[in-house]
Structures are given as structure tokens and as C-alpha cells.
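Please treat every number below as a calculation from the coordinates, not as lab data. Just so it is clear, the model here is predicted, and its values are computed rather than measured. Neighbour counts are summed over all protein chains in view; Cβ atoms, including those assigned to glycine, are modelled from backbone coordinates with ideal geometry.
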Amino acid sequence: MTADLVVVGSGFFGLTIAERAATELGLNVTVIDRRDHIGGNAYSETEAQTGIEVHRYGAHLFHTSNEKVWDYVNRFTTFTNYVHRVYGVHKGEVFPLPINLGTINQFFRANYTPAEARALIADQAGELAGTDPQNLNDKGIQLIGRPLYEAFIKHYTGKQWQTDPKDLPAGIISRLPVRYTYDNRYFNDTYEGLPTQGYTAWIERMADHPNITVTLSTDFFDESQPISKGNTVGNVPVIYTGAVDKYFDYAEGDLSWRTIDFEKEVLNTGDFQGTSVVNYNDAEVPYTRIIEPRHFHPERNYQTDKTIIMREFSRFAEKGDEPYYPVNTEADRAKLLAYRDLAKAEDNVLFGGRLGTYKYLDMHMAIGSALSMYENKIKPHFEGGEKLE
Ligand code: FAD
Ligand code: NA
């Protein structure tokens, strides 16, 4: 079957394009992925010793307020009523996060009303009032005051960036939300939940169409295989969701990323921490947080004598590491502009997804942006002969 459309990358962006083009336009779509599984970073698998669903590339929580995206994803999966909450350990004590009235009253050993707490934080933030913070440390103090900043933000951020916040640009944060209620629901979106049968079942259903062929363990830049860059570009339209700098052989330089090392451990206990995510906000603990995946699915009958936990260590990515979060320095932004010009000029190739656009995208954003690309570019091209650029 010859392809009408080639999609590079089987993450949510690539699969959304493939599914729409196959289902609505009846196109033959070939999807390739260099990994040996589909789903990109949302891929999950059953851990053998415990039977617990583990997200291989880090915990993935689905949430959206976008009706179009919500309708679309519900074609492929149902969602549980999981509601995400995060706790943080500071000086041997557990606090609810994000910072809320419960956090504030526990931290200051008080029973402030919302108005009193607001006045207190405004007063503490006043330490740097009228100044123009030049680094993240001063910015944090100016936003929420020194005590809460130093307890909950400073060292956690320092560990995320492996850099003292005094040496980080103030621009990394524009706001630090403080809630003057006891609401510690992590996301504010209309819809939230986890795929009932897991991420991989959802992803497989998206690819399950007679017109979609998925070829795994196949790198677009491997010219010895038939769906390579050299063999496809110019002959068949390509949707490329790999790294934009790699596509152009790093002509404008490398874009920088942060990555995470996951340290997995199976424990002989049914419950390690009583919740899915606990942050470690102090400098002495080298990891940023511990994930305990069994708590993502309390409705499942997981075995109760074992659990699995993952400690997360954050660092700058080197070549060969998984790129997770764009660092987005000024130099990166300049390179990205140059890559965007190159991408625009590359006829019959569209760049999408988090690697193709060098943007952190939540799943609902990746899916939403793929649906837009489909409606605005791919459909008009195949139905009306518009140029694909
Ligand atoms: P990806 O999923 O990265 O897919 C790109 C695919 O392209 C990959 O499978 C890759 O192997 C393939 N590819 C790359 N280069 C080539 C090549 N040369 N040849 C062939 N194939 C290639 N989102 C949420 O909504 N909630 C969360 O809680 C959440 N948590 C996250 C936690 C972490 C640690 C990370 C990194 C991301 C998280 N996300 C979360 C974001 C989510 O992973 C993305 O929205 C999603 O992965 C975007 O899909 P994508 O298709 O753009 O990219
Ligand atoms: Na293009």
C-alpha cells in the first residue's frame, strides 16, 4: 500500500493527524517511530513484578478545558474520576500543595482567615517591593515573600534546574499561584481523569484503522530504510514530529533541553506514601519527587503486598538523553526562529508536536494543535489542492 501521507512520530500529535486523515479523508497513512512502541512519551506499560501500570516517560495526568479535544479523546477511551493532588515534604513535615490556605496555616502554625493570610503574604512580599528582580530568587521573594518561597520553591526549583535560583533568570516564573482557600486540587480544568484501560490501550485505538500502518524501530534519518527523509520528502507529504534541529542536521546549533532520570524501586509493601506524588522541597534530598503509580488507579484491584515507586532526578540533557522540557534560553529562542524559517521553506513538510516546535505541550495541547493543523492545512491540501507549507 503506497502512502498518501507519512507521519514521523507516533506520539499524540502524530497519531491525531494519522487518525483524522485516515478516518475522515480515507488516506493511506504510514506512521513511523524510531522507538519500539507507539505513543511517544505518553506510553505506559504493566510493570511485571507488581502488575501496576507505569508511565515509562514520567507521570501523565490528563486534563483539559477544551471541549473539542475532550469530545475527540472520548472516541478512543473513557476516563476515571481521578483528581490529581500533590503533597510536599519540608523539614520532615508534609504539606498540601500548591501553596494554599492549608499550607499557610500549617506552615505558620496559625488559623488565619483568607483575608489575614492575604495580608500576611502581601506584607512578606513587600520585602522587595518596588525593585525589579533580576534573578529567580528575588522574583520568588517578591511574589510570595521569603518564608514560603524559601520553604517550597527555592530548593525545588534549584533541583529542577541544577542551578542556584540566584543564577537563574527571573523570567522563568511570571507568577506563583497562592490560593486563599483550602482547595488543593492540582488542575483547574473542566475535565480531568486517567484513561480507564491505560494510556497504551487509548493510543492503540487511535492507530487501529485499516488505512493506518505503523512501523516501529524505524528512524526517519536512516537512509537504508524506505520511509527515510531522502526517500519521502518531495514525493509524499510528511508530518514531522521529531526534533526540528535534528531535521536540519543542527545547522543552526543544538536546542537545549532538560531531562529526568527515573530511579525505579519495587517495595514489599502495599502502600509506600498513600498518594501518587510527593515532592521533596528541601535541598538535602537529591530527588525532586517520588511517584507511586498504584495511586493513579485506586479503582483497580492491584496486589496489596508490593508497590513500585519512582524517584525523579532532573538535569540538563546531553545528546542521546530523552529531551523532556525546553530550556528556552535567549540563544535557544534565536535558534528556534532560524529553524522556523527553514521549516517554513521546506515544501510538503509540516512540523508539529513538542519536538517539532520546541515547546512544552501538555497532551491536550498536542492533540488540540494537531486537530488545528489537520483542519487548517492537511484537509485543505487534500480536498482543495492547497499548497502544504
Ligand atoms: P512525543 O510524545 O514526544 O512523540 C514524538 C515521537 O516522535 C516519539 O515517539 C519519538 O520516538 C518519535 N520520533 C522522534 N524522532 C524521530 C525520528 N527521527 N524518526 C522516527 N520517529 C521519531 N502532558 C499532560 O497533559 N499531562 C502530564 O501530566 C504530562 N506529564 C509529562 C511528564 C513528562 C516527564 C513529559 C516529558 C511530558 C509530559 N506531558 C504531560 C506532555 C506529553 O508527554 C506531551 O504532550 C506529548 O508527549 C506530546 O506528544 P507529541 O506527539 O508532540 O510528542
Ligand atoms: Na514546511
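Structure summary
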{"item": "At 1.306 mPa s and 10 °C, Stokes D of the stretch 31-90 from Kirkwood alpha-carbon radius, µm² per second", "result": "110 µm²/s"}
{"item": "Taking N as its residue count, the alpha carbon Rg of the chain over 2.2 N^0.38 Å", "result": "1.08"}
{"item": "Cleavage-rule hits, trypsin sites (Lys or Arg not before Pro), the stretch 359-389, DSSP coil, Cβ neighbours within 10 Å at most 16", "result": "Lys359, Lys387"}
{"item": "Radius 9 Å from Cβ of Thr269, net charge of other residues (Lys, Arg +1; Asp, Glu -1)", "result": "-1"}
{"item": "Cβ-derived FRET efficiency at R0 30 Å, Ala119 paired with Ser174, nearest 0.05", "result": "0.85"}
{"item": "Greater than 30 Å apart at Cα, pairs in Lys335/Lys387; Lys68/Lys359; Lys166/Lys359; Lys68/Lys139", "result": "Lys68/Lys139"}
{"item": "Size of electric dipole in the chain: Cβ of Lys, Arg +1 and of Asp, Glu -1, about Cα centre, debye, nearest 20", "result": "700 debye"}
{"item": "Neighbour-count ranking [beta-carbon atoms within 10 angstrom, fewest first] of Trp70, Trp257", "result": "Trp70, Trp257"}
{"item": "Karplus-derived HN-Hα couplings along the stretch 62-79 (A = 6.51, B = -1.76, C = 1.60, θ = phi - 60°), whole Hz, x at Gly and Pro", "result": "8, 7, 7, 10, 8, 4, 4, 5, 4, 4, 4, 5, 6, 6, 10, 7, 9, 10"}
{"item": "J(HN,Hα) series, the stretch 307-320, from Karplus relation 6.51 cos²θ - 1.76 cosθ + 1.60, nearest Hz, glycine and proline x", "result": "9, 10, 10, 10, 8, 10, 10, 9, 7, 5, 7, 9, 4, x"}
{"item": "Dipole of the chain, positive direction: furthest Cα of Gln162, Ile144, Pro98, with charges on the beta-carbon", "result": "Ile144"}
{"item": "Total charge dipole magnitude, the stretch 54-145, about the Cα centre, Cβ charges on Lys, Arg, Asp, Glu only, Debye to nearest 20", "result": "440 debye"}
{"item": "In the stretch 255-285, GluC sites (Glu not before Pro) in a DSSP loop with at most 12 other beta-carbon atoms within 10 Å", "result": "Glu284"}
{"item": "Sorted by Cβ density within 10 Å, fewest first, the residues Tyr199, Tyr191, Tyr82", "result": "Tyr191, Tyr82, Tyr199"}
{"item": "Inter-label distance, nm, simple model (7 Å from Cα along the C-beta direction), Ala129/Val285", "result": "3.5 nm"}
